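My structure is below; once you've seen it, I'll send some questions.
The values are calculated or read from the model by the stated rules, or taken from the named source; none is laboratory data. The structure displayed is predicted, hence computed values, not measured ones. Cβ placement follows ideal geometry from the backbone for every residue including glycine, while neighbour counts extend to all protein chains displayed.
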DNA sequence: GAAAGAATGTTCAATTTTGTACAATCTGGA
DNA sequence: TCCAGATTGTACAAAATTGAACATTCTTTC
């Protein structure tokens, strides 16, 4: 719901051809989860690939006090857990269902079999992974280098770019704030400044970018360093 | 030189079998660069994969004032530019040679040919990409959630872990500071605190972790949230 | 359509981080 | 060996960020 990593990224399933998408869909077993139910534990060792069929999942970490600090959220067609297979890494995040959610759980063996048969699977995984890395790098750059106002504008614009013309985001400010790594107070202040510049409009649970072109020019002028 | 993203990551070439490594090595043309020479420009559109043969490259962005802000650095066997092929993304960083460096530049066509013939290439790329994503996520988590002292300890420990027992890092504090996204002043303060706890020792251009076990316990106790 | 619950807009003091400065220390080359 | 340049350690004022608080606005549900 809040991390540029996940939202608006072309999903794994989107990148597959129809027949292969079908094969992947039937390679695992679809499991249904209730809102808030735990899907995977941080530290879980069992390898396997999970694909969101319907609903959404939240990726994050449970704090000692039980609060859930979200890192990103994944929608239909997106995968998680692939690094347990291909990079031999443990799971580092807790995954919970956001709303009623169906997950296609594919075992390591079954997925490996498909992976070997259908080259487009590896290509799709590679693409999504590279896009994610790319976004994270851009994001970290922004976090390190830009002041709040610019950082906010840049992240919004990045999301806009990949969203394909959609000008409205359904984010709560507290969520966006954490995604940006700042307090809600700071984000609110930054949004106010961008509002005064006419670059964004804010509403209850949503943020709009009325003139993407103007936003683009502003970001190019204030956020690049060449 | 400073980013957990790059250092200590199993390199792409390491993950290939001998014969395939040979094929990859001879698929492009090796170009030699002098120290500091520009290899790729941010914004460059021409797709292609580059592999470090010898030496090292610095990934970063040139500021308006000519200063170079580094993001990571890549050593022999590591690749860059693969996302121009597989994710259709523009280059977002400037790449320069660190010392005399040889780069194997492989054109998009040649690499695609090899990619189609040898499945292990896609797997190796996938692995390195997933490991990078994973590290970046851990890093961002630390940046967002932990106070300076803990953040520093955690990053140092992460590096230690993957460095394979090496207890000394050849980092200048100003470099490490940027990698962590803070000022040198803050890093210096954090290092002082860790020094007082006996967890690290600092020298001219280097940082040591004398007792990795103690560091591990401390990090586990102070930096995890479960 | 009224009430309860959520989310936003804003303020302000407390805290953290930065920028700047400068002395002290280290390294490598003359 | 000595010097120039680079790096570290540290102090302090300035600036940015946070956390808490509270009024306001919006949504949803009864």
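When the range B:184-201 is examined, which residues are found to be within 10 Å of DNA strand C (Cβ to nearest atom) and either touching a helix residue (DSSP H, G or I) at 6+ places or on another chain (Cβ under 6 Å) or under 15 Å from residue B:153 (Cβ atoms) (or both)? Talk me through it step by step, then tell me what you get.
Step one: of the range B:184-201, the residues within 10 Å of DNA strand C (Cβ to nearest atom) are B:184-190.
Those that are within 10 Å of DNA strand C (Cβ to nearest atom) and either touching a helix residue (DSSP H, G or I) at 6+ places or on another chain (Cβ under 6 Å) or under 15 Å from residue B:153 (Cβ atoms) (or both): B:184, B:186, B:187, B:188, B:189, B:190.
Only one residue in A:217, A:151 is within 11 Å of DNA strand D (Cβ to nearest atom) and either in a helix (DSSP H, G or I) or within 14 Å of another protein chain (Cβ to nearest Cβ) (or both). Which one? Show your work before the answer.
Values: A:217 fails: within 11 Å of DNA strand D (Cβ to nearest atom).
Only one candidate qualifies: A:151.
Here is a list of conditions, (1) under 16 Å from the mean Cα position of the chain (by Cα); (2) within 9 Å of DNA strand C (Cβ to nearest atom); (3) closer than 24 Å to residue B:43 by Cα, and residue A:172 meets all of them except one; can you say which number that is?
Going through the list (1) under 16 Å from the mean Cα position of the chain (by Cα); (2) within 9 Å of DNA strand C (Cβ to nearest atom); (3) closer than 24 Å to residue B:43 by Cα, residue A:172 breaks only (3).
Confirm whether residue B:84 is within 13 Å of chain A (Cβ to nearest Cβ) and either modelled with pLDDT of 90 or more or surrounded by fewer than 17 Cβ atoms within 10 Å (Cβ to Cβ) (or both). Walk me through it before giving the result.
Numbers: within 13 Å of chain A (Cβ to nearest Cβ): yes; either modelled with pLDDT of 90 or more or surrounded by fewer than 17 Cβ atoms within 10 Å (Cβ to Cβ) (or both): yes.
Yes, satisfied.
Determine whether residue A:106 is at pLDDT below 90 and surrounded by 21 or more Cβ atoms within 10 Å (Cβ to Cβ).
Values: at pLDDT below 90: no; surrounded by 21 or more Cβ atoms within 10 Å (Cβ to Cβ): yes.
Taking the combined requirement at face value, the residue does not satisfy it.
Answer yes or no as to whether residue A:159 is surrounded by fewer than 20 Cβ atoms within 10 Å (Cβ to Cβ) and either assigned to a helix (DSSP H, G or I) or within 12 Å of DNA strand C (Cβ to nearest atom) (or both).
Considered against the rule, which asks whether it is surrounded by fewer than 20 Cβ atoms within 10 Å (Cβ to Cβ) and either assigned to a helix (DSSP H, G or I) or within 12 Å of DNA strand C (Cβ to nearest atom) (or both), residue A:159 comes out as no.
Also, I was wondering about something else. Within 12 Å of another protein chain (Cβ to nearest Cβ) and in a helix (DSSP H, G or I): is that true of residue B:136 in this structure?
yes
Scan the range A:177-193 residue by residue and report those that are touching a strand residue (DSSP E or B) at 6+ places or on another chain (Cβ under 8 Å) and modelled with pLDDT of 85 or more.
Correct list: A:191 only.
Which members of the range A:189-213 meet the condition of being more than 22 Å from the chain's Cα centre (by Cα), within 14 Å of residue A:150 (Cα to Cα) and not in a loop (DSSP other than H, G, I, E, B)?
A:189, A:190, A:192, A:193, A:194, A:195, A:196
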